[in-house]
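The values are calculated or read from the model by the stated rules, or taken from the named source; none is laboratory data. It should be emphasised that the depicted structure is a prediction, and the values quoted were computed from it without experimental measurement. Here the Cβ positions follow ideal geometry from the backbone for every residue, glycine too, while neighbour counts run over all protein chains shown.
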Amino acid sequence: MINNNFGTVILARIPYSDLTQVKKRPALIISSQSYYERYGDVLLIGLTGQKKPSPFKTDIQIHDWQIAGLPKSSFIKPGLFTLMHNQIEREFGQLSAQDKNNIQTFLREMLSL
């Protein structure tokens with residue numbers, strides 16, 4: 001059973017933005033269990049192993065990537081999407097408290113909250 005709470009790192013079948021292909025990719029659940037129970041899907045932000053320049057001040061690196069169960073150093077891909085729960089292949093693990101705080105700060109900055 002997949003933990004559907006904020007900070008869960010998963011492997012999922014994620015469609016490309018043009019919806020022509022699907023690829024298994026790591027992602028981070030940023031929604032809550034109650035969101036899943038109400039809507040039947042999860043809100044995600046993508047993860048990548050490639051660091052790219054970011055227009056945001058907040059660090060978007062997953063510092064404790066090994067604790068999160070990721071196979072290598074990872075970074076947030078700025079972009080949100082929803083995904084049906086049945087597209088999740090497996091759970092890698094959970095973000096550390098420090099990484100959760102960093103992601104929350106990043107999301108506030110990205111979304112101007």
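Contact list please: Cβ distance under 7 Å, first residue in region 23-36 and in contact (Cβ under 8 Å) with a residue 60 or more places away in the chain, second residue assigned to a helix (DSSP H, G or I) and not β-branched (Val, Ile, Thr), pairs at least six apart or on different chains.
As it stands, the answer is Ile30/Leu107, since those pairs meet every condition given.
So which of Pro55, Pro78 ends up being within 15 Å of the chain's Cα centre (by Cα) and modelled with pLDDT under 90?
From the options Pro55, Pro78, the qualifying one is Pro78.
Would you pick out the residues in region 56-113 that are touching a helix residue (DSSP H, G or I) at 6+ places or on another chain (Cβ under 9 Å), among the β-branched types (Val, Ile, Thr) and crowded, with 17+ Cβ neighbours inside 10 Å?
Hits for region 56-113 are Ile60, Ile62, Ile76.
When the residues of region 81-104 are filtered to those that are modelled with pLDDT under 95 and hydrophobic (A, V, I, L, M, F, W, C), which remaining residue is farthest from the chain's Cα centre (by Cα)?
Here the answer is Met84.
Evaluate the following for Ala12: is it buried (at least 17 other Cβ atoms within 10 Å of the Cβ), part of a loop (DSSP other than H, G, I, E, B) and touching a residue at least 40 places away in the same chain (Cβ under 8 Å)?
No.
Examine region 33-46 for a residue that is in a loop (DSSP other than H, G, I, E, B), of a type in the set (A, V, I, L, M) and surrounded by 12 or more Cβ atoms within 10 Å (Cβ to Cβ), and state whether such a residue exists.
No, that holds for no residue.
Within region 83-113, which residues are outside any helix (DSSP H, G or I), among the small types (Gly, Ala, Ser) and closer than 18 Å to Trp65 by Cβ?
Gly93, Ser96, listed by residue number.
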